[in-house]
Amino acid sequence: MILRDLLLPPVLGYDKDGCPVRLVQVGRQDIKGGLCCFRPSEMPKYFVWFLDMDKEEMRKRSRETGVHIEKRTFIIDLEGLNLLHIYRRDVYEMALAFLKLYENNYPENFKVAFIINTPSFFHCLFNMFKPLLSENTCERLKIYGNSGWKEAILEHIEADLLPVTYGGTRTDPDGDPCCPSLVKILNPIPKELHLKNMNSLSEDDKNVRKITVGSRSKCNIHLKVDVPGSTVGWQVECPRYDIKMYLVYAEGSKHDMVTKPVTVRCDFGSETGCYLAERTGLYSLVLDNSYSIFREKQILCKVYVTAYTSKISHVFKTVLSENNNS
């Protein structure tokens, strides 16, 4: 919750048409640290939460003013952005996911974005993502270097809403023109907020198993489900490197994959999940290292089956067997 609040771009107020204005200071944020605090699968959920908050803000504003408001304005400040920030695959994938989600679900809510203080490499970067954007969206992007943008922003937004550093008249109560009380910057993000340092498994826990998965190999952890509607749960951690993981249902010689493969990465800490087992029988949690040619992986894991009855819930934390298959 703390991290979410610190990463949420602030609403400066409303532009001259009544649309909410968000200030996004990309270049000053700890992008690398932020990516260590979210799993890739969680990022779309964060984006949706953020964009839906704006939609709710617009509905609230519409009720207060009696004027229908359905669009948002962005000021995206790239000052301080350098290649070390973005020369990462996960940064590219995050930007790609956000643009696809926005274009597919929220294009009608986009009024204008002032992209300011763009670095020299910005246009090369922009050309990578431009094919994903509609012509209508591209027309609403106003791109500036280090000059000319203050006057353009003031045509849309009143000066008393903008911090002095953005061409307005707004200051903090102590006179600070950067308004740090409004625009929170957490750089660097404390390492205790990184996923790998949270909810880690301990070898001292008697329910935690330590497993070695050889290179080009898989390890199957079998669990038996006797009661329909039971929950198969797991917590898996790969202290170094990464490993793929998924759950299968065994019916005779046939194996049915019931969850999508997930990559457990060392920099994201433990991967926790569960599956509602509507079928009784044998399930296997597969730790898949078949793609690794040279490295064996040390894995910590905790698995269980929770069987629900009408009167009581029984938790079985006995792993029936571990089979290493090449």
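What follows is calculated from the coordinates using simple rules that are stated; it is not laboratory data. Quick caveat: nothing in here was measured; it's all calculated off a predicted structure. We place every Cβ from the backbone using ideal geometry, glycine too, and count neighbours over all the protein chains shown.
Counting other Cβ atoms within 10 Å as a rough exposure proxy, the listed residues VAL21, VAL183 run VAL183, VAL21 from fewest neighbours to most. Here the residues HIS222, HIS123, ranked from fewest to most Cβ neighbours within 10 Å of their Cβ, fall in the order HIS123, HIS222.
Spread over its residues, the convex hull of the C-alpha atoms of the stretch 197-247 is 123 Å³ per residue. Using a simple spin-label model with pseudo-atoms 7 Å out from Cα toward Cβ, LYS130 and CYS274 lie 4.9 nm apart. Label-to-label distance, LEU96 versus HIS68, with points set 7 angstrom from Cα along the beta-carbon direction: 3.8 nm. Counting only Cβ charges, +1 for Lys and Arg and -1 for Asp and Glu, the dipole size of the chain around its Cα centre is about 1080 debye. Toward the positive end of the charge dipole of the stretch 1-101, with +1 on the Cβ of Lys and Arg and -1 on the Cβ of Asp and Glu, the farthest Cα among THR73, SER62, VAL48 is that of VAL48. Diffusion of the stretch 23-131 by Stokes-Einstein, at 10 °C in a medium of 1.306 mPa s and with Rh set to the Kirkwood radius over alpha-carbon pairs, works out to 103 µm²/s. Each principal axis of the stretch 242-305 carries a Cα extent, and these read 34, 23, 17 Å when sorted largest first. For the stretch 140-245, the Cα-based Rg and Dmax, in that order, read 26.6, 69 Å.
Spherically averaged projected area of the convex hull of Cα atoms, the chain: 22.4 nm².
Remark: spin-label model distance LYS184-ARG28 equals 1.4 nm, labels positioned 7 Å along the Cα→Cβ axis. Shape analysis of the stretch 125-175 yields a ratio of the Cα radius of gyration to the Kirkwood radius, Rg/Rh, of 1.14.
How much of the calculated P(r) for the stretch 71-177 lies past 22 Å, in percent of all Cα pairs? Tail of the P(r) past 22 Å holds 40 percent of the pairs. Using equal-weight Cα scatterers in the Debye expression, the normalised intensity of the stretch 216-271 in log10 at q = 0.23 Å⁻¹ is -1.05.
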